[in-house]
Amino acid sequence: MIRYLIPAVLLIAAMGCGGPSPHDGPPGGGPGGPPPGAAQEMSPAQRLEKTMQDLTVRLKLKPEQAEKVKAIIKAGEDKKEKMLSEGERSDNPREMQKLFERVHQVDLETQAVLGKVLTKDQLDEYKDYLKEQRRRFETGKKPGNAPPGGGRPSGRPGGGPGGV
């Protein structure tokens, strides 16, 4: 089960910074770009640059705001990346839940710090942007992409060999 959670956590973390989704399409909008799912292969630096391009336009950031926003988002992403790399060592579902909670807390802290740099309207638009990114992530999930057995070990409805 954990082997399926780690990629999901990493993808959720990427979504926290508003990285591109498989629905964004190739750069320039034309055919022949990277295949869907290639967005997950972007480096953290590339995701941050894509996010900043999107936010600069969408939030109408002034240059000095853009610099501050980039630093704030990068700091949050660095924290999450460190947490996630440490979390990869755990097979304990409780530990994974704690990890999800800590990642979410970092997202909330990042939003609070951004609130000191952005206007109220910009912060509201940023929150809308995050909602859209999450929605894109959710709609990008296809039923056929579920692991065998519905994501449960041994494919049994109750989970493991004992039906727990």
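The values are calculated or read from the model by the stated rules, or taken from the named source; none is laboratory data. Quick caveat: nothing in here was measured; it's all calculated off a predicted structure. As a convention, Cβ positions derive from the backbone with ideal geometry for all residues, glycine included, and neighbour counts pool all protein chains shown.
Things to note:
- Every residue from region 39-63 that is part of a helix (DSSP H, G or I) and within 17 Å of K120 (Cα to Cα): L55, T56, V57, R58
- Failed criterion for I73 (all others in (1) in a helix (DSSP H, G or I); (2) surrounded by 13 or more Cβ atoms within 10 Å (Cβ to Cβ); (3) more than 16 Å from the chain's Cα centre (by Cα) hold): (3)
- For K60, the conditions (1) modelled with pLDDT of 95 or more; (2) under 19 Å from the mean Cα position of the chain (by Cα); (3) surrounded by fewer than 17 Cβ atoms within 10 Å (Cβ to Cβ) are fulfilled apart from (2).
- Residue match in region 99-115 (condition: in a helix (DSSP H, G or I), of a type in the set (S, T, Y) and buried (at least 17 other Cβ atoms within 10 Å of the Cβ)): yes
- Boolean, G163 is more than 19 Å from E67 (Cα to Cα), modelled with pLDDT under 85, in a helix (DSSP H, G or I) and of a type outside the set (K, R): no
- Taking region 69-118 as the range and being more than 27 Å from V57 (Cα to Cα) and of a type in the set (G, A, S) as the test, the residues that pass are S85, G87, S90.
- Long-range neighbours under 6 Å by Cβ, at least six apart or interchain, first residue modelled with pLDDT of 85 or more within region 83-105, second assigned to a helix (DSSP H, G or I) and charged (D, E, K, R): M83/R102; V103/K80
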